[in-house]
Amino acid sequence: MIVTLVVLLVLCPCLGLAGWGFYQAGKDDDKPVTPSTSAPALPTDEPSVEPTTAEPSPSETKDYSFVKGDCVVNDGTDADASLRKVKCGPGTYQVLLRIPGTTDGDKCKKAAPTATANYVSDNPLDSLDFVLCLKKRR
């Protein structure tokens, strides 16, 4: 009888704590989830390694739906890139290929051998990961 009482005194708080944890975890389910990419929302204070000559037009927006043929500039750094679509011109990078579902930038070597750079977007949701194979325009 004493053993049963001790077991109940130990299990009841543990079960109550576990139930409270599940309740708290489920409370945030009503909020919509917004996917993000590894690129920051705001440019860093550090200048880009490559100077750009392309000026953004009013219709250009920060957009991560890059497709083959788009041109981009890096407003961030090589280590923390922040790509922005621009009109194609000297000093921009042209998207040769978008490889969805991966963060392996080396795939550009085989898939787009003329690529001179790549951009990796590592999203917390792996199905939203992608690699852009880029070529510097002269």
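A Förster radius of 30 Å combined with the Cβ-Cβ distance from residue 116 to residue 65 puts the calculated FRET efficiency at roughly 0.85. Most tightly packed first, judged by the mean number of other beta-carbon atoms within 10 Å of their residues, the peptides 74-80, 122-128 read 74-80, 122-128.
Label sites at residue 138 and residue 88, each approximated as a point 7 angstrom past Cα along Cα to Cβ, lie 1.7 nm apart.
The gain in end-to-end length when the residue 109 to residue 1 segment is fully stretched comes to 31.8 nm, 0.36 nm per residue minus the alpha carbon separation.
Coordinate-derived values only; no laboratory data. All figures in this text were calculated on a predicted structure; none of them were measured in a lab. Every residue, glycine among them, receives a Cβ derived from its backbone with ideal geometry; neighbour counts consider all protein chains shown.
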